[in-house]
Each structure stands twice: as C-alpha cells, then as structure tokens.
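Presented below is the structure to which this report refers.
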C-alpha cells in the first residue's frame with residue numbers, strides 16, 4: 001500500500017477510490033497478474049489501517065462518490081465495487097445517503113444497467129442493517145423483483161414477519177430460475193429458525209405456486225435433506241371429492 005494515502009486529503013482519497021472502482025488511471029487495480037487484485041482490496045486495506053482522522057476523510061470521500069452516481073464513469077461494475085466496499089468495510093455513516101438514493105430510485109437512472117446499480121445499493125444497505133419497510137419491498141419495480149427475487153425476499157424477511165414474507169412468494173417465484181436464486185436465502189433461514197418452520201410456511205403457500213415451481217422446490221428440498229414439502233393432503237378435483245382421498249405419497253410428514 002502506498003503510505004502516502006495514509007495522509008492524503010479528502011479530495012485525493014476520492015480520486016483514489018474513484019480510480020479503483022472505475023478501473024481508470026494510475027489507481028486502477030492490476031487484474032492481469034498471477035495474483036489478481038480486486039478493485040476494493042486496496043481501499044479495504046487502507047480502511048483497516050486508518051486512524052480516526054483518515055476514516056473521517058474516507059467516509060466523506062465515499063459519501064461524495066455515492067452522490068456522483070449515476071454520473072460519468074459509473075458503470076454497473078464500478079457501482080458494484082463501490083457498494084461492495086461500503087458493505088465490506090461496514091461504513092454505517094453512509095447508510096442515509098444510500099437510503100435516499102434507493103427511495104428516490106436515483107441509481108435506476110444509470111445509463112449502464114440501472115437495475116443492477118439499484119440492487120447493488122440495496123444489498124449494501126441490507127448488509128449495513130437497514131431493513132426498509134414491507135411496503136418498500138413489495139413496491140419494488142417489476143424488473144428489479146423479477147431479476148433479483150432473492151433480494152426482495154431478504155428485504156421482506158428483514159422488515160416483516162415470516163408469514164407475511166412467505167405470503168409474497170407466489171409473486172416472487174415465477175419460474176425455476178427464481179427458485180434457484182432464493183435457495184441461499186432459504187438455506188440461511190433454515191439455520192436461523194429451523195427447517196420445520198421454513199417447511200410449514202412454504203406449505204401454507206404451496207398451492208398458490210405454479211406446478212413448475214412446486215416441483216422444483218420439492219426437488220431441491222429433497223436434495224438438501226430438508227424433508228418433503230408436500231402437504232398431508234391436497235384437494236381432489238371436484239368430480240372426485242366424494243369420498244375425499246388422501247394421496248399416499250403426500251401422507252408422509
């Protein structure tokens with residue numbers, strides 16, 4: 001690490017961070033070597049070595065960079081690195097800046113993949129402990145919700161009850177790709193509240209899911225050893241409702 005950065009004023013730190021995240025100029029990360037470095041490696045190293053004064057300057061520089069988005073040079077990849085740095089360094093002081101950006105949809109206006117930029121800010125906010133409100137997550141634009149259902153589910157789990165979050169799953173789980181994306185969220189949740197709790201909440205909305213999504217969820221739950229999602233009984237078609245017949249394969253808990 002360049003020791004001069006330890007005494008650099010705020011504007012030089014801003015130039016340093018911008019150059020790293022945008023991969024431009026003398027501060028661009030060297031990704032062509034055998035041990036490639038990532039754009040946020042050096043900023044994180046600097047943050048870890050910083051005293052109180054330097055941290056204040058880095059925080060101010062970061063706040064000003066957040067305000068630059070969606071400006072020139074802030075590609076979706078550059079925004080990802082900026083958000084990654086904020087989250088990994090746990091710069092809680094910029095929570096309000098990111099919250100303002102997402103609540104007004106500022107980063108959605110980025111010329112390079114606004115949806116990805118917007119979600120980068122949201123992931124960083126969740127990592128900083130911001131929860132938002134259930135209404136905020138339910139009102140995510142359809143492009144954001146469709147592309148990042150796992151993000152929407154994490155937000156709902158953070159801001160509302162388990163029942164309310166799972167009640168939104170029939171909207172979020174629109175196809176097999178969506179199921180695959182939310183598996184990490186469900187896996188994390190099972191470790192926190194237990195497999196049985198997750199299974200029962202999914203059973204409560206099972207019949208509102210498409211047959212394709214139900215089959216994929218069943219497949220993954222069996223693969224992970226989380227047990228069967230099938231309810232003990234499912235309503236028979238109208239013409240066969242007398243007497244009510246239990247499906248043997250679904251009778252097992």
Semi-axes of segment 61-209's equivalent ellipsoid from the Cα gyration tensor, sqrt of 5 times each eigenvalue, largest first, rounded to whole Å? 29, 16, 12
1/(1 + (r/R0)^6) with r = Cβ-Cβ of residue 210 and residue 100, R0 = 41 Å, i.e. FRET efficiency to nearest 0.05, evaluates to 0.65
Counting all Cα-Cα pairs in segment 58-139, those more than 21 Å apart amount in percent to 18 percent
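Would you mind getting me the FRET efficiency between residue 161 and residue 187? Use the beta-carbon distance for r and R0 = 22 Å, nearest 0.05. Walk me through the numbers on the way to the answer.
Details: r = 20 Å, r/R0 = 0.91.
So, using R0 = 22 Å, E works out to roughly 0.65.
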Let's test the formula: R0 of 22 Å, r as the Cβ-Cβ distance of residue 68 and residue 142. What FRET efficiency results, to the nearest 0.05? 0.20
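Assuming a ≥ b ≥ c are the square roots of the Cα gyration tensor eigenvalues, decide whether segment 151-233 counts as rounded (a/c under 1.5), prolate (otherwise, with a/b larger than b/c) or oblate.
The shape class here is rounded.
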Percent RCO, i.e. relative contact order, over the chain, from Cα pairs under 8 Å lying at least 6 residues apart: 11 percent
Proxy exposure order for 118, 104, 201 (fewest C-beta within 10 Å first) is 104, 201, 118
For the chain, what is Rg from Cα atoms divided by 2.2 N^0.38 Å, rounded to two decimals? 1.27
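Report, in deg cm²/dmol and to the nearest 500, the calculated mean residue ellipticity at 222 nm for the chain, where each DSSP H run with n ≥ 4 adds -39500 (n - 2.57) and the sum is divided by the residue count.
So the calculated ellipticity at 222 nm is -18000 deg cm²/dmol.
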Can you work out the PRE-style zone for residue 180? Point 7 Å along Cα to Cβ, and I want the residues of segment 200-223 with backbone N under 19 Å. 210-223
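Any read-out appearing in this document is the output of simple, stated calculations on the displayed coordinates, not a laboratory observation. Since we're looking at a predicted model, the values are computed, not measured. Virtual Cβ from ideal backbone geometry, glycine too; neighbours counted across all protein chains shown.
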